[in-house]
Amino acid sequence: MDQLSGDKSYIALSHANLGFVLIKQNQKENARKHYNASINLFHYIKDSCFLADMYLAAGEFYFYTNQLDSTKLFIDKAQSICTSNDFPQIQASVDGELGKYFMKQKMYSQSVYWFDKSLDL
């Protein structure tokens, strides 16, 4: 349906959603194709809130595929948008993702800090 409408923002979202389902089914290579297709459409997204959410989705994909540098890159992009705008729900998600990122790095005090920030929001 999104392909018929031509709305590239929603096409990007559809690819991200498909990627999410595939990563949960442990189909990493198929998931990668959909996330890459989604990421390639990010420059068409004009809504900052939507873009921050899409950055988080990309970060989650990289987290689940143990590509932590890319994980942090996309979390930081979402964080930057949240810093410039008032998006408390997305900021809470950003903080939670930072908590997971630092836990995976075995940096537990930073992990707890970000999880606490997420819960506070």
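The values are calculated or read from the model by the stated rules, or taken from the named source; none is laboratory data. Not measured: the values here are computed from a predicted model. Cβ: placed from backbone, ideal geometry, glycine included. Neighbour counts: every protein chain shown.
The rows are residues; the columns are (1) touching a Ser or Thr at 6+ places or on another chain (Cβ under 6 Å); (2) within 23 Å of S80 (Cα to Cα); (3) aromatic (F, W, Y).
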| position | (1), (2), (3) |
| --- | --- |
| L22 | no, no, no |
| H34 | no, no, no |
| S38 | no, yes, no |
| D47 | no, yes, no |
| Y62 | yes, yes, yes |
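Which of the residues spanning region 41-52 are within 17 Å of D7 (Cα to Cα), in contact with a helix residue (DSSP H, G or I) (Cβ under 8 Å, 6 or more places away or on another chain), assigned to a helix (DSSP H, G or I) and not hydroxyl-bearing (S, T, Y)?
As a first pass, look at region 41-52 and keep what is within 17 Å of D7 (Cα to Cα): 41-51.
Checking the rest, the ones that are also in contact with a helix residue (DSSP H, G or I) (Cβ under 8 Å, 6 or more places away or on another chain) come to 41-42, 44-51.
Still in the running and assigned to a helix (DSSP H, G or I): 42, 44, 48-51.
Selection gives F42, C49, F50, L51.
Take the residues of region 94-115 that are of a type in the set (F, W, Y) and more than 13 Å from E60 (Cα to Cα): which is surrounded by the most Cβ atoms within 10 Å (Cβ to Cβ)? It would help to see each step written out before you state the result.
So the first thing to find is which residues in region 94-115 are of a type in the set (F, W, Y), and the list is 101-102, 108, 113-115.
Then keep just the ones that are more than 13 Å from E60 (Cα to Cα); that gives 102, 108, 113-115.
Working: F102: 19, Y108: 10, Y113: 15, W114: 21, F115: 17.
So, considering only residues that are of a type in the set (F, W, Y) and more than 13 Å from E60 (Cα to Cα), the one surrounded by the most Cβ atoms within 10 Å (Cβ to Cβ) is W114.
Taking into account only those residues within region 1-32 that are outside any helix (DSSP H, G or I) and surrounded by 13 or more Cβ atoms within 10 Å (Cβ to Cβ), which is modelled with the lowest pLDDT? Full working, then the answer.
Looking only at region 1-32, we keep the residues that are outside any helix (DSSP H, G or I), and these are 1, 6-7, 25-27.
Adding the requirement that they be surrounded by 13 or more Cβ atoms within 10 Å (Cβ to Cβ) leaves 7, 27.
Values: D7: 82, Q27: 93.
Step by step, filter region 1-32, then rank; the result is D7.
When you scan region 33-49, do you find a residue that is modelled with pLDDT of 95 or more, of a type outside the set (G, A, S) and within 20 Å of L121 (Cα to Cα), even just one?
No.
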